[in-house]
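Below is one structure, written out as structure tokens; the observations come after it.
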Amino acid sequence: MLHLIHPCSDYLPSYTEAYDEYATHGIDSYAFGNAREIDVLAKFEDYRLERNLKPNRVGANYYWLIDDASHRFLGEITIRHRLTPGLERYAGHIGYGVRYSEWGKGHGTLMLRLALDKAKAMGLVHVLGTCDDDNLGSSRVMEKCGFVLHDKIENSIDGQTVITRRYWKTL
């Protein structure tokens, strides 16, 4: 059975494997934490409780999509508690990543659908999702989950101009 859980030590080895898959394949569209260098579980708890955050960061709930049958971490999704002006331009309320070896299997869509229920329970009414214009996989996931394209805007990320799609969904 696939479902969302709060991050826990039971799945840290599998989470680290997913981090390594992204590094091996040069994936930077979502950043799993390096559990070898930082205590990711403490980091996630700090975000949930909105403590020890860097400037311009907001509280967020992290969830892991896991497969009970294989005892494997499949993906991570983050629901930010609120938006800053920067998050309104790039990143939105929700960010997610599926481990590379699991791409194309519908896990992103499932994870987002499950997370929308959690976002609603958190009191969010309108949810913003964003992706780079060329990230067709992410745009398809949002569209399958009922997000509607609001606009495309230019952002400057690390000195590069990036076109960002901004999608909204009312819960």
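The values are calculated or read from the model by the stated rules, or taken from the named source; none is laboratory data. These numbers were taken from a predicted model, which means no experiment stands behind them. For neighbour counting, all protein chains shown are included, and Cβ atoms are generated from backbone atoms with ideal geometry for every residue, glycine included. Ligands, DNA and RNA are excluded from the accessible area calculation, which covers all protein heavy atoms including side chains. Shrake-Rupley method; radii C 1.70, N 1.55, O 1.52, S 1.80 Å.
So in region 73-98, with the set limited to residues that are in a loop (DSSP other than H, G, I, E, B) and at pLDDT 95 or above, which one is farthest from Asp117 (Cα to Cα)? The qualifying residue farthest from Asp117 (Cα to Cα) is Thr84. When Ser101 is tested against the conditions (1) hydroxyl-bearing (Ser, Thr, Tyr); (2) more than 24 Å from Val40 (Cα to Cα); (3) part of a helix (DSSP H, G or I), the lone failure is (2). Collect the residues in region 69-79 that are open to solvent by 30 Å² or more (accessible area, probe 1.4 Å) and in contact with a Ser or Thr (Cβ under 8 Å, 6 or more places away or on another chain), keeping them in residue-number order. Selection gives His71, Arg72. Once region 54-68 is narrowed to residues that are hydrophobic (A, V, I, L, M, F, W, C) and closer than 19 Å to Val127 by Cα, the residue that is surrounded by the most Cβ atoms within 10 Å (Cβ to Cβ) is Ala60. Taking the criterion of being over 15 Å from the mean Cα position of the chain (by Cα) and either within 27 Å of Pro13 (Cα to Cα) or in contact (Cβ under 8 Å) with a residue 40 or more places away in the chain (or both), the residues of region 58-87 that qualify are Asp67, Asp68, Ala69, Ser70, His71, Arg72. For region 54-71, indicate whether the set of residues that are touching a His at 6+ places or on another chain (Cβ under 7 Å) and of a type outside the set (A, V, I, L, M, F, W, C) is non-empty. The answer is yes; a qualifying residue exists.
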